[in-house]
Amino acid sequence: MAEALLEELGDLSPEYRMGSRPCTIEMLNGLLLQHREHFAQAEAQLRRCLPGVRIIAARLLGLQAMAEVLRMNGKPDEALVFVEEAIVLADTSAGGYGLPDLLRAKGEIMMDLPRFSAASVREHFAEAMRIARQSQALGWEIGIALALARLEMSQRRATEAKAVLQEVYSRFTEGLQARPLQQARRMLDAV
């Protein structure tokens, strides 16, 4: 269904002289490939279309997706370049929109670098959590809590992992079937 909608948008684009929107539609195809965990295809798709994506919100999504795809493809150094570009764009052009999730993504990418500092990653996650809470963005908070819990588990700090995850998870009253909440529940059950 998603492919059909994107195809229909693509068909409308030339008819209505939508300018850079064809690149944005192609970028959305890259996000769909990422969601389906076709990371090599997503990387190729995003590399083709990202240079033409001009709409700020779409560019932020594309840069973050590219960073996360590169991370999954074992290229954390290059992923860091993309997420840092997205952070600068969010800070300077988008009023900070998406910054908590971008900082989460940067922290996760940093964890994949050969020599990473757990303290530095914790700082990124703490800043991300502070901004998410200030924005009352509980959805971003659970993603950040999951990432921080994974860091703590990798450092053999199960008690800290459980505490941070439980604190955020316990505030959800609905949507418990959402993927991040299911991941959180499984991690809490395992700790």
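The alpha-carbon atoms of region 26-91 define a convex hull whose volume equals 66 cubic angstrom per residue. Taking all protein chains into account, the per residue accessible area for region 102-191 stands at 55 Å² (1.4 Å probe). Could you tell me which GluC sites (Glu not before Pro) in region 122-183 are loop residues by DSSP with no more than 14 other beta carbons within 10 angstrom of their beta carbon? In loop regions of region 122-183 (DSSP not H, G, I, E or B), the sparsely surrounded GluC sites (Glu not before Pro) are Glu174. Neighbours of Arg186, meaning other residues whose beta-carbon lies under 15 angstrom from its beta-carbon, give a summed charge of +3 when Lys and Arg score +1 and Asp and Glu score -1. Taking every C-alpha pair closer than 8 Å and separated by at least 6 residues, the mean separation divided by the residue count of the chain gives a relative contact order of 12 percent. How large, in percent, is the carbon and sulfur part of the accessible surface of the chain at a probe radius of 1.4 Å? Carbon and sulfur together cover 54 percent of it.
Between Phe116 and Thr173, the FRET efficiency estimated from the beta carbon spacing at R0 = 35 angstrom works out to 0.50.
The Rg/Rh ratio for region 76-191 is 0.97, where Rg is the radius of gyration of the alpha carbons and Rh is the Kirkwood radius. For the chain, the residue among Met129, Leu32, Ala79 whose Cα projects farthest onto the positive side of the dipole built from Cβ charges is Met129.
Sparse packing (at most 16 other Cβ atoms within 10 Å of the Cβ) combined with a DSSP loop state is found for the following trypsin sites (Lys or Arg not before Pro) in region 62-155: Arg115. Centroid-to-centroid, using Cα positions, region 163-188 and region 53-130 are 22 Å apart. Ordered by solvent-accessible area of protein heavy atoms (1.4 Å probe), largest first, the residues Val168, Val191 come out as Val191, Val168.
How charged is the neighbourhood of Arg130? Take every other residue with its Cβ under 11 Å from the Cβ of Arg130, and add Lys/Arg as +1 and Asp/Glu as -1.
On the way: positive: Arg133; negative: Glu123, Glu127, Glu141.
Taking every Cβ under 11 Å from that of Arg130, the sum is -2.
Only DSSP H runs of four or more residues enter the estimate; each adds -39500 (n - 2.57), and after division by the residues of the chain the mean residue ellipticity at 222 nm equals -25000 deg cm²/dmol.
The values are calculated or read from the model by the stated rules, or taken from the named source; none is laboratory data. Every value quoted in this text rests on a predicted model; they were computed, and no experiment measured them. Quick reminder, even Gly has a Cβ in these numbers, built from the backbone with ideal geometry, and neighbours come from all protein chains shown. Remember, those area values only see protein heavy atoms, side chains included, never the ligands or the DNA or RNA. Shrake-Rupley method; radii C 1.70, N 1.55, O 1.52, S 1.80 Å.
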